[in-house]
Amino acid sequence: MVGLGAKKPPSRKGSMADVPQDLLSQIERLEELFVVPTEKLKEITDHFAKELTKGLTVEGGTIPMNPTWCMGFPDGNETGTFLALDMGGTNLRVCEVTLTEEKGEFDIIQSKYKMPEELKTGTADELWNYVADCLEQFVEYHHENEKLDQLPLGFTFSYPATQDYIDHGVLQRWTKGFDIDGVEGKDVVPPFEAALAARGLPIKLTALVNDTTGTLIASAYTDTAMKVGCIFGTGCNAAYMENCGSIPKLAHMNLDPNLPMAINCEYGAFDNEHVVLPRTPFDIIIDKESPRPGQQAFEKMIAGLYLGEIFRLVLLDLHTQTECTIFVDQDVSKLKKAYSLDAGFLAAIEEDPFENLSETEDLFKNTLGILAKKPELELIRRLAELIGTRAARLSACGVAAIAKKKGWEEFHVGADGSVFNKYPHFKLRGAQALKEILDWPESKGKGKNDPIEILPAEDGSGVGAALIAALTLKRVQDGNVAGIRDPESLLKAMKLQKK
Ligand code: BGC
């Protein structure tokens, strides 16, 4: 058995005494596949830090390291009313954020719309029309019979985009299972604006924002120790504030080297060339069967979209291999359905408080129609722990890599996403891994008062996007228009808004 390298975060004191030898050896095999020891975490982090630097060079690397043209933190004195649109993987959210005169304060109203599953593999027209319809509904509902001039909009578009300007973004590739033809390689702003114009909506796209950048900025609004914004959700990624002088691929623009520039790392793409991550045969299947094989290698091992699927593939493998060890004579047809189990399913298993794992037993019966025996339940629980723990430990490598690259030893990370917020033990396992990677003293790694603390973020895709729109308008007013495509029309929109 491979050791974790340090004390494990709390886990149920389950007994493996009743587990027969064949299942025990399967558990040991799974531990060898999924446990990532300290030394490996360190090796991954070192390579990761180098890849971050490489992504900023003219030649580039696998990690995109996208400059975002969000050039500074808010100081708390931002004011005004902004729309924020969050096109996440599951929901579409529209917010109206008013940054008030009170320093650092805001009011928010918001509506959520379900993102229909078919839209993710539909056509570009369907996507933009749906998004614009939601905005129209929002404006009609909240501003019925009002004469509106121009509302500036921060659009949180959480996919990798090349931004020559903040009000522009060429989609590099879809991630998180999206697969809509005719969008990759193109600027997403014109078709979006056309859909708004077709509805006569008084909305001016001011900033296209990644969720990580929004998270960074929203978190920094209330905590000046914030240096990194992270999402651990359906996908995974981080943004941090770089200085322009450390971004060789922007050297041709002759920007002041001391100017700040938020970088959307897009580090879900880390190790696409498979140099260092300990991929299992299951990770390889996930990649092969995904709409974009060869992309998002790191993300596919740790993000919420994939955790349930990894788990499903392992169970199916144990059932179908020649020395079939689990679910003998059971109908596993439901287990055969790809992506039928989500990260919430794994979380529920890890949260089962009962020694006899009765909740897990019910879950298998009700969701999959499988009657799992006690030893099988032990294996199921251990497998969920292994997959969840690997995700948290590998996630820590991304944060540690940014810290190493920048030479930052003490700072806060603002984090958001379903896995961070809801997956049991994720925070503690991540803190433990950071401690191992960065050789913190024994008393650290508890998630509180650590040199690097990963804290729940403010609403990045709402308040963060609004703040970035506000910062962009402020730059236009100040005549600092680097990376703003259309300062004139933004200025016009602002004047209209103030009328
Ligand atoms: C996307 C990123 C995003 C992350 C978290 C990834 O799949 O490429 O842009 O920040 O998911 O939502």
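The values are calculated or read from the model by the stated rules, or taken from the named source; none is laboratory data. These figures come from a predicted structure and were not determined experimentally. Neighbour counts run over all protein chains shown; Cβ positions are idealised from the backbone, glycine included. Just the protein is used for accessible areas: all its heavy atoms, side chains included, with ligands, DNA and RNA removed. Shrake-Rupley method; radii C 1.70, N 1.55, O 1.52, S 1.80 Å.
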Which members of region 157-173 meet the condition of being crowded, with 21+ Cβ neighbours inside 10 Å, within 13 Å of the ligand (Cβ to nearest atom) and under 17 Å from Lys249 (Cβ atoms)? Pro160, Ala161, Gln163, Gly169
Out of the residues in region 81-91 that are within 16 Å of the ligand (Cβ to nearest atom) and modelled with pLDDT of 95 or more, state the one that is most open to solvent (accessible area, probe 1.4 Å). Asp86
Of the criteria (1) assigned to a helix (DSSP H, G or I); (2) within 16 Å of the ligand (Cβ to nearest atom), which one Phe345 fails: (2)
Report every pair of residues separated by at least 6 positions or lying on different chains whose Cβ atoms are under 7 Å apart, first residue within region 257-272 and more than 19 Å from Gly235 (Cα to Cα), second near the ligand (Cβ under 9 Å from one of its atoms). Ala262/Thr213; Ala262/Ala239
Scope region 328-340; condition modelled with pLDDT of 95 or more and either closer than 13 Å to Leu23 by Cβ or open to solvent by less than 40 Å² (accessible area, probe 1.4 Å) (or both); matching residues: Val332, Leu335
Can you find a residue in region 278-292 that is within 16 Å of the ligand (Cβ to nearest atom), open to solvent by 10 Å² or more (accessible area, probe 1.4 Å), out of contact with any Gly (no Cβ under 8 Å at 6 or more places or on another chain) and modelled with pLDDT of 95 or more? yes
Can you find a residue that is hydrophobic (A, V, I, L, M, F, W, C) and over 17 Å from Gly308 (Cα atoms) anywhere in region 379-393? no
Test for Ala197: is it farther than 24 Å from Val481 by Cβ, of a type in the set (Gly, Ala, Ser), surrounded by fewer than 21 Cβ atoms within 10 Å (Cβ to Cβ) and more than 13 Å from the ligand (Cβ to nearest atom): no
How many residues are away from the ligand (no atom under 15 Å from the Cβ) and either touching a helix residue (DSSP H, G or I) at 6+ places or on another chain (Cβ under 8 Å) or at pLDDT 95 or above (or both) if we restrict to region 221-242? 6
Region 236-267, residues that are assigned to a loop (DSSP other than H, G, I, E, B) and surrounded by 24 or more Cβ atoms within 10 Å (Cβ to Cβ): Cys265, Glu266
Of all residues in region 133-151, which are surrounded by fewer than 18 Cβ atoms within 10 Å (Cβ to Cβ) and touching a helix residue (DSSP H, G or I) at 6+ places or on another chain (Cβ under 6 Å)? Asp149
Mind checking whether some residue in region 174-188 is crowded, with 21+ Cβ neighbours inside 10 Å, within 21 Å of Glu136 (Cα to Cα) and within 16 Å of the ligand (Cβ to nearest atom)? yes
Picking from Leu386, Leu377, Leu335, which residue would you name as being closer than 30 Å to Glu51 by Cα and in a helix (DSSP H, G or I)? Leu386
Go through region 200-235 residue by residue and tally those that are aliphatic (A, V, I, L, M) and part of a helix (DSSP H, G or I). 4
Answer yes if at least one residue in region 102-114 is over 18 Å from Glu458 (Cα atoms), in a helix (DSSP H, G or I) and within 21 Å of the chain's Cα centre (by Cα), and no otherwise. no
